[in-house]
Amino acid sequence: AERGHRVIGVDATDAMLAIAREKVPAADFRSGRLEALPVADESVDLVVCTLALTHVEDLEPVMREFVRVLRPGGQAILTDMHPLATMTGSIAGFPGDDLTRGIPYVLNRTHHVSDYVRAFLDAGLSIMECMEPRVTDAVLESFPSYALLPSATRQAFFDTPYLLVWRLERPRPA
């Protein structure tokens with residue numbers, strides 16, 4: 001938005017939309033779900049979806065929506081929790097100041113790499129790139145177990161993938 005691009009943000013929760021509006025007042029924020037985006041057909045050049053797909057049950061309706069709103073030749077950049085991370089207990093946690101009451105979190109679902117690939121291809125998206133950032137020492141320090149068991153946490157998780165980053169494209173008609 002600061003560079004003159006028209007930005008549309010979509011979220012299903014009013015609280016997240018309020019935070020986004022505060023951070024990026026020049027953007028157009030809309031209430032909606034990934035499976036039914038409140039965006040016109042073929043109206044965007046770039047879809048960016050970060051750490052949200054792990055919360056949906058079925059990837060295919062979401063990918064069909066991304067294709068619907070993307071212009072031919074448009075791209076999607078998607079980041080999500082790696083299936084290895086979700087299978088070993090990683091969560092989207094929102095710790096507050098008082099941890100004695102636990103850490104509020106959003107349920108993560110495990111989508112295997114093949115689930116993503118199938119959903120992309122079935123929706124008509126081309127895979128341009130897939131990256132799997134790995135756990136580094138800096139990332140390890142954010143793990144709750146690290147405070148109590150740093151050596152064990154490092155041995156268990158160091159250099160394992162914790163994110164998937166996809167760059168996709170809606171092909172132009174032949």
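The values are calculated or read from the model by the stated rules, or taken from the named source; none is laboratory data. If you're wondering where the values come from, they're calculated on a predicted model, not measured in any experiment. Because the Cβ atoms are built from the backbone with ideal geometry, glycine has one as well, and the counts that use them run over all protein chains shown. Surface areas here come from the heavy atoms of the whole protein model, side chains and all, with no ligands, DNA or RNA. Shrake-Rupley method; radii C 1.70, N 1.55, O 1.52, S 1.80 Å.
Remarks
- Of all residues in the stretch 140-162, one or more are assigned to a strand (DSSP E or B) and closer than 29 Å to Val44 by Cβ.
- Some residue of the stretch 39-49 being open to solvent by 20 Å² or more (accessible area, probe 1.4 Å) and under 15 Å from the mean Cα position of the chain (by Cα): yes
- Where a residue in the stretch 123-146 is among the small types (Gly, Ala, Ser) and its partner, wherever it lies, is open to solvent by 40 Å² or more (accessible area, probe 1.4 Å) and part of a loop (DSSP other than H, G, I, E, B), with Cβ under 8 Å and at least six apart: Gly124/Arg170; Gly124/Pro171; Ser126/Arg170; Ser126/Pro171
- Scanning the stretch 20-37 for residues that are over 20 Å from Glu65 (Cα atoms) and assigned to a loop (DSSP other than H, G, I, E, B) gives Val24, Pro25, Ala26, Ala27.
- Evaluation of Ser31 against (1) in contact with a Pro (Cβ under 8 Å, 6 or more places away or on another chain); (2) open to solvent by less than 30 Å² (accessible area, probe 1.4 Å) (one fails), failing number: (2)
- Within the stretch 44-69, the set of residues being acidic (Asp, Glu) and within 15 Å of Asp122 (Cβ to Cβ) comprises Asp58, Glu60, Glu65.
- Residues of the stretch 130-174 that turn out to be among the aliphatic types (A, V, I, L, M), over 30 Å from Met63 (Cβ atoms) and either touching a strand residue (DSSP E or B) at 6+ places or on another chain (Cβ under 6 Å) or loosely packed, with under 14 Cβ neighbours inside 10 Å (or both), as a count: 5
- Residue match in the stretch 42-49 (condition: of a type in the set (D, E, K, R) and under 27 Å from Ser90 (Cβ atoms)): no
- Filtered residues of the stretch 1-28 (kept if loosely packed, with under 11 Cβ neighbours inside 10 Å and closer than 27 Å to Pro83 by Cβ): Thr13
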